[in-house]
Amino acid sequence: MKKMTDTFKLNNGYEIPCVGFGTWQTPDGDTAIKAVSEAIRAGYCHIDTAACYGNETSVGKGIKVSGVERSRLFVTGKVWNSDRGYGKTMVAFEKTMADLELDYLDLYLIHWPASSTQFEDWEQINLETWRAMTELYKAGRIKAIGVCNFLPHHLKALMETEVQPMVNQIEFHPGQMQEETVSYCKDHNIIVEAWSPLGTGRMLSNEMLKSIAAKYGKSAAQLCIRWCLQNGILPKSVTPSRIIENADVFDFEITNEDMEAINGMEYCGGSGLHPDKVDF
Ligand code: A2P
């Protein structure tokens, strides 16, 4: 990967740009409009949003304000947990499209799996949501479909359907590499996308990461993003005020020795959200 517009190929042949601009926790209104339009102007062509972020209308406005043609952008949306199931997913998708003011999505994801902690028929619920996503995909309303936060046991049932997931977006940063899920996805041709590649900011004060980053004349944030890329994983930067810094990760290469040192890091903080234990 040499630049922001370089892509990973999904299992249906559609291409996803290697660095996404995340909008989680970006306040709705002017902040989101500005962040998105500035990110696009800074070269990001992949924008990641979700219904539950509550900022889809502003994200859509930011896309318009940027003046960049829709066909040059890759836009991801996500269906929220309260909209699981066939009928509700269909309605939620239409609302997302109306809020974003777009006529197609590049990627639509199930935000969290229904889990056995909350539902006896969790597997059936996930399959019903997936049936709606598949129908929208086949109708051409979405170019690719996938999931977030699915562990191998959640993915299993979806692998036996007509269209298999193309992406799994999971929490991934130094100290939290989710090896089992990543290896399942690699074996099943699912691209893994990282959310919170900076551990929601927690990685930035890590002394070891800071000292490795200094060797390359880079910040710990840039090191984490580059590390995600070199692991063959798609990072997502949530950084309205550091947009340019986080895009500047294509002029250095982390050595194998440093990659191994980071790969070997113990857990040092993360969201603490476990897909089978969350209560939302
Ligand atoms: P801000 O949005 O104010 O820039 P993650 O992507 O892992 O979820 O982390 C996002 C958090 O890390 C946000 O709090 C963001 O703050 C902060 N952050 C993102 N990029 C940088 C950076 N280059 N330097 C310092 N903090 C950053």
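The values are calculated or read from the model by the stated rules, or taken from the named source; none is laboratory data. These numbers come from a predicted model, not from an experiment. Cβ coordinates were reconstructed from backbone atoms using ideal geometry, including for glycine residues, and neighbour counts include every protein chain displayed.
Some observations on this one:
- Hey, Asn246 at pLDDT 95 or above, surrounded by 15 or more Cβ atoms within 10 Å (Cβ to Cβ) and among the polar types (S, T, N, Q) or not: no
- Picking from residues in segment 214-228 that are farther than 23 Å from Ile190 by Cα and more than 8 Å from the ligand (Cβ to nearest atom), the one that is surrounded by the most Cβ atoms within 10 Å (Cβ to Cβ) is Leu223.
- Failed item, numbered, when Asn231 is tested on (1) more than 16 Å from the ligand (Cβ to nearest atom); (2) under 17 Å from the mean Cα position of the chain (by Cα): (1)
- Pick from segment 57-78, criterion out of contact with any helix residue (DSSP H, G or I) (no Cβ under 9 Å at 6 or more places or on another chain) and more than 20 Å from Lys236 (Cα to Cα), ranking: surrounded by the most Cβ atoms within 10 Å (Cβ to Cβ): Glu69
- Gly272 being surrounded by fewer than 14 Cβ atoms within 10 Å (Cβ to Cβ), within 15 Å of the chain's Cα centre (by Cα) and away from the ligand (no atom under 12 Å from the Cβ): no
- Taken together, Phe150, Phe119, Phe74 contain a single residue that is over 30 Å from Asp6 (Cβ atoms) and at pLDDT 95 or above, which is Phe119.
- Restricting segment 182-202 to residues that are without any contact (Cβ under 8 Å) to a residue 60 or more places away in the chain and out of contact with any Cys (no Cβ under 6 Å at 6 or more places or on another chain) leaves a set whose member that is surrounded by the fewest Cβ atoms within 10 Å (Cβ to Cβ) is Asp187.
- Inclusion of Thr239 among residues that are modelled with pLDDT under 95 and under 21 Å from Asp6 (Cα atoms) is warranted.
- Selection count, segment 238-252, where residues are touching a residue at least 12 places away in the same chain (Cβ under 8 Å), more than 6 Å from the ligand (Cβ to nearest atom) and of a type in the set (Asp, Glu): 1
- Of all the residues in segment 188-213, those that are of a type outside the set (Ser, Thr, Tyr), within 14 Å of the ligand (Cβ to nearest atom) and not in a loop (DSSP other than H, G, I, E, B) number 9.
- Index of the failed condition, Gly54 passing every other in (1) surrounded by fewer than 18 Cβ atoms within 10 Å (Cβ to Cβ); (2) more than 17 Å from the chain's Cα centre (by Cα): (2)
- In the set Leu209, Leu234, only one residue is of a type in the set (A, V, I, L, M) and without any contact (Cβ under 8 Å) to a residue 60 or more places away in the chain; that residue is Leu209.
- Hits in segment 150-180 - residues which are crowded, with 23+ Cβ neighbours inside 10 Å and in contact with a strand residue (DSSP E or B) (Cβ under 6 Å, 6 or more places away or on another chain): Phe150, Pro165, Met166, Val167, Asn168, Gln169, Phe172
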